[in-house]
1. With a point put 7 Å past each Cα toward its Cβ, work out how far residue A:299 is from residue A:121 in nm, to one decimal.
2. Stretch residue A:181-residue A:534 to full length: gain in nm at 0.36 nm per residue minus the Cα-Cα span?
3. May I ask you to give the average projected area over all directions of the convex hull of the Cα atoms of the range A:367-459, in nm² rounded to one decimal?
4. With only alpha-carbon atoms in the gyration tensor, what are the semi-axes of the equivalent ellipsoid for the range A:304-394, in Å, largest first?
5. Apply the Kirkwood formula to the range A:278-432: the hydrodynamic radius equals the inverse of the mean of 1/r over all pairs of different alpha-carbon atoms; give it in Å with one decimal.
6. Work out how much length residue A:444 to residue A:104 would gain on full extension: take 0.36 nm times their residue separation and subtract the Cα-Cα distance, in nm to one decimal.
7. For residue A:588 paired with residue A:253, estimate the spin-label separation in nm (one decimal), with each label point 7 Å from Cα along the Cα-to-Cβ line.
8. Within 10 Å, count the other beta carbons around each residue, average over each peptide in A:66-73, B:249-256, and list them highest first.
Amino acid sequence: MKIPLNFIARYCLLALLGALSVHVKAQTQVLVEAESFDDPGGWVIDQQSFPVIQSSYLMAHGMGRPVADATTTVRFEQPGTYHLWVRTKDWAPFPKGPGKFQVWVNGKPAGGVFGESGSVDWKWYYGGEVKVDEAAAEIRLKDLTGFNGRCDALLFSTSGSEPPQDSAGMSGLRRELLSLDQTRKEAGHFDLVVVGGGIAGTCAAVVAARLGLKVALIQDRPVLGGNNSSEVRVHLRGDIDKNHHPKLGRVVRELDNGDPGNGNPSGSDYGDKRKLDVVSYEKNIDLYLNTHVYQVEMEGGRISAVIGRNIKTNREVRFTGTYFSDCTGDGTVGYLAGADYRMGRESRAETGESLAPEKADDFTLGTSNLWASLPVDSVTSFPETPWALPFSDEYHIDEERSDWQWETGFGNMNTITEAEKIRDHNLRAVYGNWSYLKNNKTEKYGKRELAWVAYIGGKRESRRLLGDHILTQMDIQEGKMYPDATVTATWTIDLHFPQKENSLYFPGEEFFAGTEHIRVAPYTIPYRCLYSRNIPNLFMAGRNISTTHVAFGSTRVMRTCGMMGEVVGMAASIAKAHNTTPRGVYEDHLDELVAMIKD
Amino acid sequence: MCRLVLFISIAAAANVNAAYARTPHAADSLAYPVNEYNGISYEVRLVRDSAGMPGHYHARIFTPVCDDDVCKPVYIDLYWDLLGSYLRYTVPLNESLTKMDHEEFKREEYAKLHEILADSNSLLKDYEMEELVESATKTSPGEVDAVTGATAKSLQAVVIPGALYTCYTLWHIAHGRVVDTIAKITDSLVDPPLLLHFLESRNHRYQYFALDKVMDNQGNVEPDYREPVINLIRSPNVFLAAHVLKRLSPTYFSGEERQNWLWETFLGGSYRLKLGILDKMEQLPLTNALRTRLATDKGDFNEVIAERIEHLLNRQS
Ligand SMILES: Cc1cc2nc3c(=O)[nH]c(=O)nc-3n(C[C@H](O)[C@H](O)[C@H](O)COP(=O)(O)OP(=O)(O)OC[C@H]3O[C@@H](n4cnc5c(N)ncnc54)[C@H](O)[C@@H]3O)c2cc1C
């Protein structure tokens with residue numbers, strides 16, 4: 001048998017590491033998470049790849065202008081010479097990306113330029129030896145381009161061996177060097193733990209709190225609102241004035257900050273502050289912003305606790321609860337708990353839906369990174385972007401601002417495991433097109449500048465958690481009224497697909513969508529779509545409820561999602577009062593729930 | 001309304017001749033009649049450039065623009081390229097464009113009209129006049145948004161307020177039957193100088209048009225056009241470049257000089273073109289000179305390219 005050389009080398013290294021592991025403490029290793037820098041400067045914290053790389057990272061999102069340095073002070077127990085490792089990637093290796101940056105230690109660059117290796121995988125790159133003379137060293141991340149260079153962590157090590165490259169090994173290293181287990185805090189026990197602070201989660205928390213429940217609301221961004229926040233900028237849709245149960249929609253209305261359209265250059269129009277104010281006013285809500293839930297604890301088939309990690313400090317918090325509501329959009333809590341779920345499209349044979357495809361597949365609606373430009377006084381320049389998608393006179397998108405059509409990830413990329421790739425593809429489309437417009441259509445675009453490009457992807461579809469009822473196209477089109485009818489939905493069945501012309505020019509790499517609105521009469525969503533069929537204390541609200549892909553095309557708009565949250569808040573209060581499960585509410589206390597919604 | 005249109009269109013037809021008598025292009029022999037959808041007819045003429053090469057088409061148009069109650073006359077000069085794409089418009093001296101309230105277009109509205117006409121995919125295309133009026137004037141946001149929100153919103157962008165009918169009528173003339181007429185005329189003009197002119201024009205529509213005439217299904221190109229066609233691989237239009245590269249017969253890339261040229265193109269080309277060139281190389285017997293360069297340069301790009309070059313080199317051995 002022939003074993004390739006590099007395999008032997010790696011294998012020996014691993015064996016060696018294993019043998020040495022008891023001595024690991026003896027050598028000094030200092031792990032510095034980039035997102036935990038004292039001052040991020042102009043860099044932003046990105047947690048969107050947490051499910052894949054088990055960490056947040058810093059990113060230089062400068063829309064083509066280098067951002068201010070991120071700086072921090074690192075304490076060393078021992079002065080001496082350290083090997084520096086930098087965890088980064090080349091996010092656009094076509095063939096080499098623009099995300100270039102330097103790492104400066106005590107005023108001097110260490111190890112050349114990072115972020116242009118031509119390799120898209122997150123890896124440790126060697127930054128050479130650095131001398132640390134004193135107990136503290138100043139570290140600086142110097143962005144060179146403003147084009148989304150990124151850094152996950154720095155490792156200073158007295159040992160010359162390579163740190164673990166894979167994400168499992170990295171998790172272990174992080175856990176140990178950051179003392180994650182030793183520093184974890186208990187948030188306490190809650191009647192309802194809501195994970196995800198989009199419109200759905202926020203409504204669920206507010207209603208439950210007003211009904212007297214002790215609520216934790218956990219959101220992994222600094223703002224509430226999800227896709228309706230200033231970070232994504234999607235406007236609220238779905239009507240609340242056609243409700244079968246007029247009481248629903250009251251909290252949605254409180255959160256509604258007016259209609260700035262999609263991708264408005266004015267972020268404040270989306271009302272982050274309004275949402276935060278509404279939540280802050282509720283003394284029964286413990287709000288945890290910047291906290292990403294990545295682990296659940298189970299007891300007897302139920303969720304007993306969730307663990308979140310702060311996306312900046314990396315400190316962990318544990319929340320125990322009676323009921324949990326998965327409002328993550330991704331169905332993350334359900335997934336971690338082993339809830340039945342579905343992703344992609346069902347086949348027509350399976351659901352009987354005329355709009356379903358012949359065969360089941362992985363197709364999902366895509367993710368958007370909206371953007372907008374604004375006029376400026378004089379002609380400005382924008383760099384050429386050879387690493388981005390190419391455009392020309394023959395094909396480019398002649399727009400000053402985006403709308404919902406800027407969308408990537410139609411089954412060709414997984415919206416959870418490849419969320420970063422999808423976002424980056426969006427950025428390559430936005431920057432490539434903008435560069436074309438700026439450099440070739442100067443008359444129209446010379447005096448315009450990018451005012452805003454989202455770095456948080458607006459996700460439309462991922463997992464759908466399955467409940468006791470799975471809403472279908474027929475439920476919608478036949479307007480079926482089940483006894484547990486709750487939320488009224490009004491949006492069309494709005495299933496996107498790659499726009500034809502875009503497919504022609506970017507086959508398999510589409511970034512622009514089309515849709516066909518299939519009108520519906522107002523219809524109702526049964527309560528049974530709002531709790532898990534196999535995890536007895538799990539509710540869900542928002543785009544990850546129990547529907548088929550086709551039905552999701554209509555239920556997914558945010559006023560509708562918000563009303564689902566309101567119903568979950570009410571149902572949780574009834575469940576608590578009767579010491580029962582979400583299903584118990586349906587089976588034994590439906591009258592009470594319906595009365596509450598009607599009243 | 002119909003009767004009114006008919007009446008005015010007769011007047012229009014009568015007037016067209018009078019108008020042409022005043023145009024500088026009246027002498028050109030190639031003038032073709034166009035009978036437009038709304039009953040008007042006019043003549044479209046070929047205009048040659050100073051070298052005598054076909055340059056563009058022009059027509060002076062006189063059309064009524066009508067709403068439910070009244071019609072008003074509109075005079076306008078329209079210009080098309082040699083394949084019938086709208087180029088620009090001008091308004092004859094002493095004429096102006098007005099809105100329904102008889103107010104003259106503002107400066108920016110003249111500019112906007114050009115933008116509207118330049119969009120061959122305009123939403124105006126799919127609308128009947130009646131639908132258009134309904135959608136563009138309906139303002140209740142709740143209602144419209146729930147069903148045709150996107151459409152109503154975008155419609156506001158494709159018309160000039162108060163000049164809906166003008167925009168609609170002129171768009172449908174600029175993108176109307178004249179397009180077929182022009183295609184026929186240009187087809188009758190095709191000769192080697194025109195094809196060469198097209199290939200070298202930097203106008204992708206002309207270039208695709210010429211390519212269709214000079215390249216067969218196997219990617220063979222008649223000798224006279226070979227060089228200009230191969231050169232399109234270095235066009236700044238990456239889509240055209242990749243298209244030509246893909247279609248061209250591999251036989252043109254067997255010599256050392258041409259393979260060197262291909263590698264130089266690879267070095268300077270966009271990522272898409274780079275991948276296209278590697279695809280092409282899979283169809284070629286590689287010369288030793290190229291193999292050496294591939295081996296030397298292969299690590300300079302990214303993992304994907306390194307692997308593909310590796311594959312190329314191994315395949316050959
Ligand atoms: C570009 C675009 C255009 C759209 N157009 C419209 C429109 O016009 N009108 C409309 O109403 N809808 C529209 N939609 C759909 C709509 O935005 C979504 O369906 C909707 O956001 C779903 O709301 P949600 O609360 O379920 O999820 P989200 O808005 O996705 O909110 C979920 C929140 O949970 C957080 N989260 C996720 N995982 C975790 C975790 N593990 N721990 C803690 N927090 C977590 C996320 O950061 C996010 O903020 C559009 C969507 C996009 C992307």
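Where a number appears in this text, it was derived from the coordinates with a stated rule and is not lab data. Small disclaimer: the values here were computed from a predicted structure and weren't measured. All Cβ positions, glycine included, derive from the backbone under ideal geometry; neighbour counts span all protein chains shown.
1. Placing both labels 7 Å beyond Cα along the Cβ direction yields 4.1 nm.
2. Working: separation 353, 0.36 × 353 = 127.08 nm, distance 2.96 nm.
Result for the pair: 124.1 nm of gain on full extension.
3. Numbers: hull surface 23.8 nm².
Average of the hull's projected areas for the range A:367-459 equals 5.9 nm².
4. Numbers: eigenvalues 300, 175, 28 Å².
Three semi-axes, in Å: 39, 30, 12.
5. It works out to 19.9 Å.
6. This chain segment gains 118.3 nm when fully extended.
7. It works out to 3.5 nm between the two label points.
8. Answer by packing, highest mean first, reads A:66-73, B:249-256.
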